[in-house]
Structures are given as structure tokens and as C-alpha cells.
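The structure appears right after this line, and notes come after that.
All of the numbers you see were taken from the coordinates with simple rules; none came from a lab. No experiment lies behind these values; they were computed from the predicted model shown. Here the Cβ positions follow ideal geometry from the backbone for every residue, glycine too, while neighbour counts run over all protein chains shown.
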Amino acid sequence: MADTGFLPKEKLKDFLEALSKDAVVYAPALEGDIVLFKEYSQGKDLYLDRPANLGPKSIIYPQCETLLSFDFKKNDPEDPKKVDIELKTESNFANTVVFGCRPCDAKGLVIYDKVFIDTDTADPYYKERRDKTTIISFACEAPFAGCFCTAVGGGPADTTGSDVLMTDVGDGFFFEALTEKGKAVLKSVPMQDGASYKEKAQKIKSEAEKKIRNPFPKDATEKLSQKLFDSDEFWEKVVSKCISCGACTYLCPTCYCFNITDEKTKDKGERIRTWDACMFNHFTLETSGHNPRPSKLKRFRNRVGHKFLYYPEKYNGVIACCGCGRCIRYCPASVDISEIVGYLKDPKQK
């Protein structure tokens, strides 16, 4: 199987249409001023100039999904009070290709994998979608507002979580297969030999990495300052302008909080999983009326702590942030998580 390939830019739509014969293909499209992942169809325009406002996480981890449906049925005419419950689950998901996501988006899915797959009881819905999805990511040539991927162990051409990495080399795209699924993609669609473009692609990726900002102090410590992290005064200051809208969590490629509700109408119902956000006041509200995180301060501290303290402690140092910058550039109050973490990593605070 070919590990690399080259495709002229005018052949890109032919490439996607070929993939569409055997899978549902999602690609970034421009809708007004917003870039979103949409199902690709013949002749549809692509938009690769900047990262999508909302990455492709909803394709594998839907914003709202029915886990099961249930019917209440009276099957015993001799005992009309007896009710049987019939359950149905959705598990026949289509083969899918995510095309043109950024490396940070693909890396974000690996954060999800540890939670939803690498456990004693894997989430069957997430796992099947993940297994049936091929990720073709698009290397960044330059940073976008808020990006700090290299500061959290990533990069504009990071291969973590991707099956294929695509790089714009001027007159076309250079493709590198990273997994068996990726090799199958390059084998299934006719491409030119990409060997002669490998060096050029590497140079482009190396130059892009030099442009990414590092918001942390030069001698930043690996761990957060526990003293400063525990300081209510510090958090009051840095999150005073936060309006608790939750946009940062919904746009984040690594946030996965959810809620489960049962919705019932007469004799039928559904169990639904929907995205939730730790920045919402009701997220930790208990039935008793007690809320262990009643203030914005405590909620934001938990959000940062989960990404840079608790998750790394549980998963061998892996940071639950890919540095995509979405929470910074789309925050209506201009709260900068990288600046906050920079304070917490400052060696002077130790």
C-alpha cells in the first residue's frame, strides 16, 4: 500500500466524490461567516482557508443523540395492568470520512478515546462511530488567533489521532497515510506518487511550527502552582469578565461533559444524551438544592483544573487541551485560558 500521494488541487473534488461512494464524507463549508462541517455532495464548495468554528467532534460524538427508545406495551389480555417495556437501540452507523479537520481537532478525539473507549466498559455508540470513521486532517501553514498548540504538546502538523495528514504544497496536496485506514484511503483513490513532495511538505510544516506562540513563561514548570490554583483571590481576578455562556466548552475539541434525560410521550419515550457544560450553574446542582460549585469562580477553576491538572494525573500526563484557540478567539468577553494557565505555570509562583 502507498504511504504517500500527491493530488493536484483541481482534482480535490474528484477525490471527495470517490470517497463518497463508500462512506459519508464530511468537509468544512462556509455558511455566511461561519465554517462548519457539512455532509459533502457532488459539486459542493469546500472551505479550507481557516479552521471550522466548530470542529468535527459532533460527527463522532453528536450534540444530541438517542441512546435508546422504549415502548410500554400491554401484551397480556388477562392482566391489563401488566406492562412490558420494549427497548430499541441504534447501533448501525455508516462508514464515515472526516476531511479537512485541523490536527488539533484530530488530537482532541484521542482525549475522548481515553474516556469513552479505553475503559472497562467502552461506550458502544462512540466506539462504533470512531471505529467507522477515517480522519483526514489538514496541516496548518500559519497560526490562527488564539492558537497555542505547541505549548500543550501538539503542533500545526501533529499526526495524533489522524489517519491521513494532508499538506498544501502549492500546486496540490501531499498526503501521508498514518494508519491502516489511511493507507486504505490512498489505495482506493488514484493519486500521483508523492515521494518527490515529501521534503517540501516537511519544510512547510517546520516553518509553520516556528510561528506558533507559546503563552507560557520561558522557564514554565510542568505542573500548575497548587498554591495559586487554590487561591480564590486569583480566580476572582482572572475570571471576573467571564459571563458563563458556555461557548468555550461547546466549541472545545476536548470537552465531553454530557447530560442524560428520558423524554416520554404517552406510551413511548427516548433516552437522550446531550452535551452539557461545566460552566453552567445547574451542571452540578443536586436534587437536594445543594450545589458544590455555586460560583463562577469555582466552575472556571474546575474547568482549568480538569484540563491541566486532574486529567493529566489520571492519564499519565496527557493534557486535555489541544491549544486550538477556539475558546479564546470566540469568547465574547475575551477570557484567555492560555494566559491563565501561564500564570499557574510561572516558576515564580512556586
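Taking the alpha-carbon set of the range 4-349, what are its Rg and Dmax in Å?
When restricted to the Cα atoms of the range 4-349, Rg and Dmax are 22.6, 78 Å.
Only counting other Cβ atoms within 10 Å, I'd like Leu344, Leu87, Leu297 sorted with the fewest neighbours first. Please report the intermediate quantities before stating the final value.
On the way: Leu344 23, Leu87 9, Leu297 19.
Least to most surrounded, the residues fall as Leu87, Leu297, Leu344.
Rounded to the nearest 0.05, what FRET efficiency is calculated for Gln42 and Phe93 with R0 set to 30 Å and r the Cβ-Cβ distance? List each step's numbers first, then the result.
Numbers: r = 23 Å, r/R0 = 0.76.
Efficiency, rounded to the nearest 0.05: 0.85.
Can you give the relative contact order of the range 252-313 as a percent, counting alpha carbon pairs under 8 Å and 6+ residues apart? Please report the intermediate quantities before stating the final value.
Numbers: 51 pairs, mean separation 13.4, N = 62.
After rounding, I find 22 percent.
Could you check which residue among Asp158, Asp276, Asp84 shows the biggest mean-square fluctuation in a GNM of the chain with a 10 Å Cα cutoff?
So, out of Asp158, Asp276, Asp84, the one fluctuating most is Asp84.
Going by Cβ distance under 4.7 Å, what cysteines of the chain have no possible disulfide partner?
Cys64, Cys101, Cys140, Cys147, Cys149, Cys242, Cys245, Cys257, Cys278, Cys321, Cys331
The range 1-71 to the range 214-228: how many Å between their Cα centroids?
Their Cα centres are 37 Å away from one another.
Cut-off 10 angstrom, C-alpha nodes, Gaussian network model of the chain. Which of His282, His306, His290 fluctuates the most?
Taking springs between Cα atoms under 10 Å, the residue moving most is His290.
Would any residue of the range 1-33 have its amide N under 12 Å from a label point 7 Å out along Cα→Cβ of Ser196? List them or say none.
In the range 1-33, the label zone of Ser196 (backbone N under 12 Å from the point 7 Å along Cα→Cβ) covers 6.
Applying 1/(1 + (r/R0)^6) with R0 = 51 Å to the Cβ-Cβ distance of Glu207 and Cys64, what FRET efficiency is obtained, to the nearest 0.05?
On the way: r = 41 Å, r/R0 = 0.80.
Between Glu207 and Cys64 the formula returns 0.80.
Once R0 is set to 25 Å, what does the formula 1/(1 + (r/R0)^6) return for the Cβ-Cβ distance between Ala184 and Lys13, expressed as a FRET efficiency to the nearest 0.05?
Values: r = 21 Å, r/R0 = 0.82.
It comes to 0.75.
Which residue fluctuates most in the GNM of the chain (Cα springs below 10 Å): Thr121, Thr134, Thr287?
Highest fluctuation among the options: Thr287.
Give the residue list of GluC sites (Glu not before Pro) in the range 254-350 that are DSSP loop and have at most 16 other beta-carbon atoms within 10 angstrom.
On the way: sites: Glu263, Glu270, Glu286, Glu313, Glu339; in loops: Glu286.
Sites meeting the loop and neighbour criteria: Glu286.
Within the range 1-92, list the trypsin sites (Lys or Arg not before Pro) lying in a DSSP loop whose Cβ has at most 15 other Cβ atoms in a 10 Å radius.
Numbers: sites: Lys9, Lys11, Lys13, Lys21, Lys38, Lys44, Lys57, Lys73, Lys74, Lys81, Lys82, Lys88; in loops: Lys21, Lys44, Lys74, Lys81, Lys82.
In loop regions of the range 1-92 (DSSP not H, G, I, E or B), the sparsely surrounded trypsin sites (Lys or Arg not before Pro) are Lys21, Lys44, Lys74, Lys81, Lys82.
Sort Thr89, Thr4 by Cβ crowding within 10 Å, fewest neighbours at the top. Could the numbers behind the result be given before it?
On the way: Thr89 12, Thr4 19.
Ranking Thr89, Thr4 by Cβ neighbours within 10 Å, fewest first, gives Thr89, Thr4.
Looking at Ala139, Pro8, Ala151, which one has the Cα that reaches farthest to the positive end of the dipole of the chain (charges on Cβ: Lys, Arg +1; Asp, Glu -1)?
Ala151
Suppose the chain between Ala142 and Ser231 were pulled fully straight at 0.36 nm per residue; how much longer would it get relative to their current alpha carbon spacing? List each step's numbers first, then the result.
Working: separation 89, 0.36 × 89 = 32.04 nm, distance 3.64 nm.
Roughly 28.4 nm would be gained on extension.
Determine the relative contact order of the range 4-349: mean sequence separation of Cα pairs under 8 Å and six or more apart, normalised by residue count, in whole percent.
Details: 629 pairs, mean separation 71.1, N = 346.
Averaging sequence separation for qualifying contacts and normalising by length gives 21 percent for the range 4-349.
List the GluC sites (Glu not before Pro) in the range 45-90 that DSSP assigns to loop (not H, G, I, E or B) and whose Cβ has at most 15 other Cβ atoms within 10 Å. Which are they?
Values: sites: Glu65, Glu78, Glu86, Glu90; in loops: Glu78, Glu90.
Qualifying residues, ordered by number: Glu78, Glu90.
Give, in nm to one decimal, the length gained when the segment between Asp118 and Val318 is fully stretched (0.36 nm per residue of separation minus the Cα-Cα distance). Can you show the working numbers first?
Numbers: separation 200, 0.36 × 200 = 72.00 nm, distance 1.39 nm.
70.6 nm is the gain from fully extending Asp118 to Val318.
Once label points are set 7 Å from the Cα along Cα→Cβ at both Glu270 and Ala333, what is their separation, rounded to one decimal in nm?
3.3
With +1 on each Lys and Arg Cβ and -1 on each Asp and Glu Cβ, and nothing else charged, work out how big the dipole of the chain is about its Cα centre, in Debye to the nearest 20.
Details: 53 positive and 52 negative charges, 204 e Å.
So the magnitude is around 980 debye.
Can you find, among Gln63, Tyr310, Trp275, the residue farthest towards the positive end of the dipole of the chain? Put +1 on the C-beta of Lys and Arg, -1 on that of Asp and Glu.
In the chain, that residue is Tyr310.
When the helix-only estimate is applied to the chain (DSSP H runs of n ≥ 4, each -39,500 (n - 2.57), divided by the residue count), what is the mean residue ellipticity at 222 nm, nearest 500 deg cm²/dmol? It would help to have the intermediate numbers written out before the result.
Numbers: 13 runs with 100 residues, N = 350.
The helix contribution divided over the chain gives -7500 deg cm²/dmol.
Quick check: from the Cα gyration tensor, does the range 202-272 come out rounded (a/c under 1.5), prolate or oblate?
On the way: a/c = 3.20, a/b = 1.58, b/c = 2.03.
It is oblate, given that a/c is not under 1.5 and a/b is not larger than b/c.
Report the full-extension gain for the segment Lys127 to Glu31: residue separation times 0.36 nm, less the Cα-Cα distance, to one decimal in nm. Mind dumping the intermediate values first?
Values: separation 96, 0.36 × 96 = 34.56 nm, distance 3.00 nm.
Working it through step by step, the gained length comes to 31.6 nm.
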